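For reference, the structure discussed in these notes is given below.
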Amino acid sequence: MAEYRLWDFLDDRLENVILQWVKDDGITKRDRAALNQKINRLAQMDCDLAKQTKLLAGPIYKHIYKLVIHGDVMLRPMLCRGPIHNTEEYTFLIGAVEIGGKLPSGAKEKAEERRLVVVNDQHRRTQHEPIP
């Protein structure tokens, strides 16, 4: 079974946006554990299998997918395949919480903008690390 490389987007200050999101949104310890577990599963699956098992939904907008995590809140980190090596990696672009079946306004578009930033500068991401 292939292991897919996981990356997190870095903002203008080169801070990890996924770690920042978890901290800023006050994601509970229980939900952090669920998030880590789903991310670990994703690292073991190609995109088609992840969609078949309903771990991933999408593409929900252009090249953007969302990881589906049911917890105390509906965590929906958004990611893309690649974008440098599309068959070997995923890049997390933005953290989001879905409320009433809706993602925050503009989140999908922002994720796509960030994907394009990485396409143009692969140094704007860092290897994913488990959520503390």
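Assorted remarks:
- Helix-derived mean residue ellipticity, 222 nm - over the chain, DSSP H n ≥ 4, -39500 (n - 2.57), to 500: -9500 deg cm²/dmol
- The chain: relative contact order in percent, alpha carbon pairs under 8 Å with at least 6 residues between: 31
- With a 1.4 Å probe rolled over the protein heavy atoms of all chains, the accessible area of Arg115, Arg5 falls in the order Arg5, Arg115, largest first.
- Accessible-area ranking of His123, His85, largest first, probe 1.4 Å: His123, His85
- Accessible surface, 1.4 Å probe, highest first, among residues Thr53, Thr87: Thr87, Thr53
- Mean separation of Cα contacts under 8 Å (6+ apart) over length of the stretch 52-106, as relative contact order %: 23
- If the segment from Asp12 to Lys51 were pulled out straight at 0.36 nm per residue, it would be longer than the present Cα-Cα gap by 10.9 nm.
- Solvent accessible area, Å² - Ile84, 1.4 Å probe, full protein context: 50
- Here is the list for the stretch 12-53: trypsin sites (Lys or Arg not before Pro) lying in DSSP coil, each with at most 11 other C-beta atoms within 10 angstrom of its C-beta, are Arg13.
- Mean Kyte hydropathy of -1.0 or more with a Cα span along the axis of at least 18 Å, helices from DSSP in the chain: 107-120
- The chain - accessible surface per residue (Å², probe 1.4 Å): 55
- Restraint check, Lys23/Lys110; Lys29/Lys51; Lys54/Lys110, Cα-Cα greater than 21 Å: Lys29/Lys51; Lys54/Lys110
The values are calculated or read from the model by the stated rules, or taken from the named source; none is laboratory data. None of the values given here were measured: they were computed from a predicted structure. Cβ: placed from backbone, ideal geometry, glycine included. Neighbour counts: every protein chain shown. Ligands, DNA and RNA are excluded from the accessible area calculation, which covers all protein heavy atoms including side chains. Shrake-Rupley method; radii C 1.70, N 1.55, O 1.52, S 1.80 Å.
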